[in-house]
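> The structure is given below, and queries will be raised subsequently.
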Amino acid sequence: MTKTPSQDSRPAELRLDDTAKAIIEQLQQDGRRSYAVIAREVGLSEAAVRQRVQRLLDAGVMQIVAVTNPLQLGFRRQAMIGVRTTGDIDPVGEQISALAEVDYVVTTAGGFDLICEVVCEDDDQLLDVLSRQIRGIEGVLSTETFVYLKLNKQHYDWGTR
């Protein structure tokens, strides 16, 4: 059977048992939670939790990162940019993903082909990213920018299925 390009780009779904899900949920609540504490919560040894966490990381099921507040780090302007393309979407998505100011890119169905989030120091940098960098990419037909005025909610503890 021949795979289609979209099948090739999708990661294989990893079946998670209840223990793996419980470990993930513990880390979603606090990514700094110790293996010893997690072990007590899920009923495994500390070494077993360490091994399971490493397997989840290696498989790309999760990441453990420090989430920062851009405003506290001097990034005063955030925006979501909808991008309409012509031709093949993938090269456009790859080029946008390579931009330092871009922290999130998804291919979508609907009014936009791609949606990306940018984090900039100020409006001048946002204008440069939008006008010179994104709109300068071959295949970008048009963009629509949604400037963030206030972050009402952001969380990463949605659990597992």
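The values are calculated or read from the model by the stated rules, or taken from the named source; none is laboratory data. No experiment lies behind these values; they were computed from the predicted model shown. Positions of Cβ are generated from backbone atoms using ideal geometry, with glycine treated the same way; all protein chains shown enter the neighbour counts.
> Six or more apart or on different chains, Cβ atoms under 9 Å: show the pairs whose first residue is in the range 41-53 and of a type in the set (Val, Ile, Thr) and whose second is part of a helix (DSSP H, G or I) and surrounded by fewer than 14 Cβ atoms within 10 Å (Cβ to Cβ).
Val42/Asp18; Val49/Ala36
> Filter the range 132-161 for residues that are modelled with pLDDT of 95 or more and either in contact with a Cys (Cβ under 7 Å, 6 or more places away or on another chain) or of a type in the set (S, T, N, Q) (or both) and give the result.
Gln133, Ser142, Thr143, Thr145
> Follow-up. Please give the helices (runs of 4 or more DSSP H) falling wholly within the range 12-100 in which 3 or more residues are in contact with a Ser or Thr (Cβ under 8 Å, 6 or more places away or on another chain). I'd like the intermediate steps shown before the answer.
Numbers: elements: 18-29, 35-42, 46-58, 89-97.
The helices (runs of 4 or more DSSP H) meeting that bar are 18-29, 89-97.
> Here is a follow-up. Just to be sure, is Thr107 under 28 Å from Arg15 (Cα atoms) and surrounded by 12 or more Cβ atoms within 10 Å (Cβ to Cβ)? Break it down stepwise before answering.
On the way: under 28 Å from Arg15 (Cα atoms): yes; surrounded by 12 or more Cβ atoms within 10 Å (Cβ to Cβ): yes.
So Thr107 passes the test.
> Still on this structure, please answer the following. Is the range 54-61 home to any residue that is surrounded by 10 or more Cβ atoms within 10 Å (Cβ to Cβ), of a type in the set (Gly, Ala, Ser) and closer than 30 Å to Ala20 by Cβ?
Within the range 54-61, one or more residues are surrounded by 10 or more Cβ atoms within 10 Å (Cβ to Cβ), of a type in the set (Gly, Ala, Ser) and closer than 30 Å to Ala20 by Cβ.
> Restricting to the range 12-53, name every residue that is exposed (fewer than 11 other Cβ atoms within 10 Å of the Cβ) and of a type in the set (Lys, Arg).
If the condition is that a residue be exposed (fewer than 11 other Cβ atoms within 10 Å of the Cβ) and of a type in the set (Lys, Arg), then Arg15, Arg32 are the ones that fit.
> Looking at this structure, is Ala48 at negative phi and either at pLDDT 95 or above or more than 24 Å from the chain's Cα centre (by Cα) (or both)?
On the way: at negative phi: yes; either at pLDDT 95 or above or more than 24 Å from the chain's Cα centre (by Cα) (or both): yes.
Taking the combined requirement at face value, the residue satisfies it.
> State which residue is nearest to Ile81 (Cα to Cα) when the search covers only the range 101-151 and only residues that are in a strand (DSSP E or B) and touching a Ser or Thr at 6+ places or on another chain (Cβ under 7 Å). Explain how you work it out, then say what you get.
Of the residues in the range 101-151, the ones in a strand (DSSP E or B) are 102-107, 114-120, 140-147.
Narrowing the set further to residues that are touching a Ser or Thr at 6+ places or on another chain (Cβ under 7 Å) leaves 105, 114-115, 140-141.
On the way: Val105: 9, Leu114: 8, Ile115: 6, Val140: 12, Leu141: 13 Å.
Taking the candidates together, the pick is Ile115.
> Filtering the range 16-42 down to residues that are under 9 Å from Thr160 (Cα atoms) and charged (D, E, K, R), which residue is farthest from the chain's Cα centre (by Cα)?
Lys21
> I would also like to ask the following. So which residues in the range 112-148 are on the phi > 0 side of the Ramachandran plot and among the basic types (Lys, Arg), if there are any at all?
Of the range 112-148, the ones on the phi > 0 side of the Ramachandran plot are 139.
Listed by number, the list is empty, since nothing qualifies.
> Could you please let me know if Thr108 is of a type outside the set (D, E, K, R) and closer than 30 Å to Gln28 by Cα?
Taking the combined requirement at face value, the residue satisfies it.
> For the range 75-85, does any single residue satisfy the condition of being of a type in the set (Gly, Ala, Ser) and loosely packed, with under 13 Cβ neighbours inside 10 Å?
no
> What pairs come out if I take residues in the range 117-133 that are closer than 11 Å to Glu101 by Cβ and pair them with residues that are aromatic (Phe, Trp, Tyr) whose C-beta lies under 6 Å away, six or more apart or interchain?
Listed by first residue and then by second, the contacts come to Glu117/Tyr104; Val119/Phe75; Glu121/Phe75.
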